[in-house]
Every structure is written in C-alpha cells, then in structure tokens.
Amino acid sequence: MLAENPNFVPALFGQGMAYAQQGMFAEAIAAHEKAVEHSGKNPVLVGTLAGTRAMAGERDAALTTIEELKREYEKCEMLSYSIATVYVRLNEKQAAFEWLEKAYAERNSQLPDLDIDPEFDNLRDDSRFQDLRQRIGLLMV
C-alpha cells in the first residue's frame with residue numbers, strides 16, 4: 001500500500017503499530033509522525049504517537065503530548081480512550097483508569113476493543129479492569 005501511496009495515513013498508522021510491537025521505536029515514531037502530518041494532526045493519531053514515544057522511553061515528549069490532547073479533549077471527548085492508552089504505556093495505571101472511566105461515562109465507541117487491544121494487557125489482572133469489562137458487557141457474571 002505504501003509503495004502505491006507513501007502518505008496513506010491508515011497504512012502509516014499500521015506500519016507504526018507493527019514497528020512498535022517489534023520494539024523498532026525509531027521506525028515506529030517516524031511512521032506515526034508522518035501519519036500525524038498527513039492526517040492534518042488528527043488527535044487520535046497524535047495520541048498514538050505519544051504512546052509510541054512513551055514506549056520508546058521518551059517520557060517527557062509523551063507527557064507534553066498528553067497535555068495537548070487534554071486541551072483537545074475539551075472539544076472532542078472521544079479522545080479519552082487515546083489518553084488512557086498513553087497513560088498505560090507510561091505505566092501510570094491510576095491515570096489510565098481515570099481516563100477509561102471518562103471513556104465509559106461518555107460511551108466511547110472504542111471501549112469494546114478492551115478485550116482485544118494489547119495496549120491494556122498490563123491492566124487485565126486489575127480488579128478495576130474486570131469491573132469495567134463487566135459494566136460494558138464484555139464479562140458475564
């Protein structure tokens with residue numbers, strides 16, 4: 001896909017995610033930066049870039065971007081899931097749960113992805129995660 005259109009945002013996003021999962025953070029950041037640029041700075045993609053920077057150990061850059069996303073959140077509440085993802089990558093579980101609760105309160109359409117989204121793997125053993133899954137209907141009692 002990128003050979004045909006090197007600026008195709010969905011492919012750049014996917015490429016960045018694949019690189020990040022393989023620990024190839026410089027490549028992942030480059031792909032996500034390009035995706036952000038060619039998407040017109042889509043806030044969800046900005047959140048993905050922040051999360052990738054967090055995974056790469058660029059904590060300060062990730063925290064700066066979170067502050068930008070929080071300002072955007074005032075205009076677009078659907079960013080709560082993306083913000084939670086960045087906090088997970090920073091290993092700030094309490095903040096991640098606070099933003100997941102905001103996502104739940106606003107009925108964020110991404111919440112059903114919790115069961116398949118590897119971003120949240122390190123929260124799965126937490127009782128708050130199981131409670132959230134139950135409330136959104138992913139866990140039967």
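Quick look at the numbers
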read-out	value
Simple Cβ-charge dipole of the chain, Lys/Arg +1 and Asp/Glu -1, about Cα centre, in debye nearest 20	140 debye
Approximate spin-label separation Arg59-Glu98, in nm, with each point projected 7 Å along Cα-to-Cβ	1.7 nm
Spatially proximal aspartates and glutamates relative to Lys70 (Cα-Cα < 18 Å; intrachain offsets below 8 disregarded)	Asp60, Glu92, Glu98, Glu101, Glu106
Sites matching trypsin sites (Lys or Arg not before Pro) across the stretch 1-53 that sit in DSSP coil, with at most 15 neighbouring C-beta atoms within 10 Å	Lys41
Which label in (1) 55; (2) 59; (3) 65 gives the computed percent of Cα pairs over 18 Å apart	(1)
Net length gained if the chain between Asp117 and Glu27 were fully extended (0.36 nm per residue, minus Cα distance)	30.3 nm
Loop-resident sites, the stretch 65-140, for trypsin sites (Lys or Arg not before Pro), counting at most 11 other Cβ within 10 Å (DSSP)	Lys75, Arg107, Arg124
GluC sites (Glu not before Pro) within the stretch 71-141: DSSP coil, no more than 10 neighbouring Cβ in 10 Å	Glu74
Residue-averaged [θ]222 nm for the chain, counting only DSSP H segments that reach four residues, each worth -39500 (n - 2.57)	-19500 deg cm²/dmol
Sites Gln130 and Ser109, calculated FRET efficiency, Cβ-Cβ separation with R0 25 Å, nearest 0.05	0.75
Qualifying lysines (Cα of each under 16 Å from Cα of Lys75; at least 8 residues distant if same chain)	Lys41, Lys102
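None of the figures in this text is laboratory data; all of them are computed from the coordinates on show. Predicted, not measured: the structure shown is a model, and the values here were computed from it. Positions of Cβ are backbone-derived with ideal geometry, glycine not excepted, and every protein chain shown enters the neighbour counts.
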